[in-house]
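The values are calculated or read from the model by the stated rules, or taken from the named source; none is laboratory data. Note that the structure is predicted; figures quoted are calculated from it, not measured. In this analysis, Cβ positions are derived from the backbone assuming ideal geometry, glycine residues included, and neighbour counts consider all displayed protein chains. Just the protein is used for accessible areas: all its heavy atoms, side chains included, with ligands, DNA and RNA removed. Shrake-Rupley method; radii C 1.70, N 1.55, O 1.52, S 1.80 Å.
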Amino acid sequence: MTRIAVDIDGVLTDHVTYMLEFIRGTILKDVEMTKEDVDSWDTLIGGYSFKTIFEKCLEYDDFLRNMPVIEGAVEGVNRLVKEFHVIIVTARPASTAGETYNWLRKNGFQFHTLLVGNTVDRTLLNIDVLIDDNPHAITGFAMRGGLSIVYSQPWNMRLPPDADEYIEKRRIIRFREWSGITQFIYNRFLDT
Ligand SMILES: [Mg+2]
């Protein structure tokens, strides 16, 4: 059975828009940035890297609980679960596993496996397809022979130079919405 890994942050939840709102109400009140200003994990927000602030936010249970779901994501993942083995994967710290699982279930996501932790290298998983927003994961997985689906975000508009070859070979394919992703995977892997 075709195995598909799906990232969470930036793919199932619009974590950046939500994080910017969250920090304005809590830890960095003067920040006036929008999602479009965040074009990498190193983007500075109030003097701190995006990554540092996001990891800080993950320590708040209510931050994790209330993350907004990207439009079409639940329907998309649940459609994939019907035909494929679906592994939800996130580099959030392992300490967030419980809240992450609860968030997925509360929002109606179905899946076979959940992998949580920043020691998981998703490009090395035994999978056929990776749906991700991280430029390096997307490129690394395609280089190892997989099919990478890019969920389009401001921080992945430019991919590493190594990606060019795989974009040409259609092993890296970009989508702006979930409906296109599920349809593409159905067409590619099922005789419909
Ligand atoms: Mg992500």
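From the list Leu64, Leu58, pick out the single residue that is touching a Pro at 6+ places or on another chain (Cβ under 7 Å), open to solvent by less than 40 Å² (accessible area, probe 1.4 Å), aliphatic (A, V, I, L, M) and within 15 Å of the ligand (Cβ to nearest atom).
Within the list Leu64, Leu58, the selection yields Leu58.
If you go through segment 118-134 and pick out every residue that is open to solvent by less than 50 Å² (accessible area, probe 1.4 Å) and within 14 Å of the ligand (Cβ to nearest atom), you end up with 8. For segment 35-68, the set of residues classified as among the small types (Gly, Ala, Ser) and assigned to a loop (DSSP other than H, G, I, E, B) consists of Ser40, Gly46, Gly47, listed by residue number. If the condition is being touching a residue at least 24 places away in the same chain (Cβ under 8 Å), closer than 19 Å to Leu125 by Cβ, away from the ligand (no atom under 15 Å from the Cβ) and within 16 Å of the chain's Cα centre (by Cα), then segment 76-108 contributes Leu80, Val86. In segment 135-154, which residues are away from the ligand (no atom under 15 Å from the Cβ) and not basic (Lys, Arg)? Ala142, Met143, Gly145, Gly146, Leu147 - these are the residues of segment 135-154 that are away from the ligand (no atom under 15 Å from the Cβ) and not basic (Lys, Arg).
Scanning segment 12-33 for residues that are modelled with pLDDT under 90 and not in a helix (DSSP H, G or I) gives Gly25, Thr26, Ile27, Leu28, Lys29, Asp30, Val31, Glu32, Met33.
Residues of segment 40-53 include none that is among the charged types (D, E, K, R) and surrounded by 14 or more Cβ atoms within 10 Å (Cβ to Cβ). Does segment 3-43 hold any residues that are charged (D, E, K, R) and within 12 Å of the ligand (Cβ to nearest atom), and which are they? Correct list: Asp7, Asp9, Asp14.
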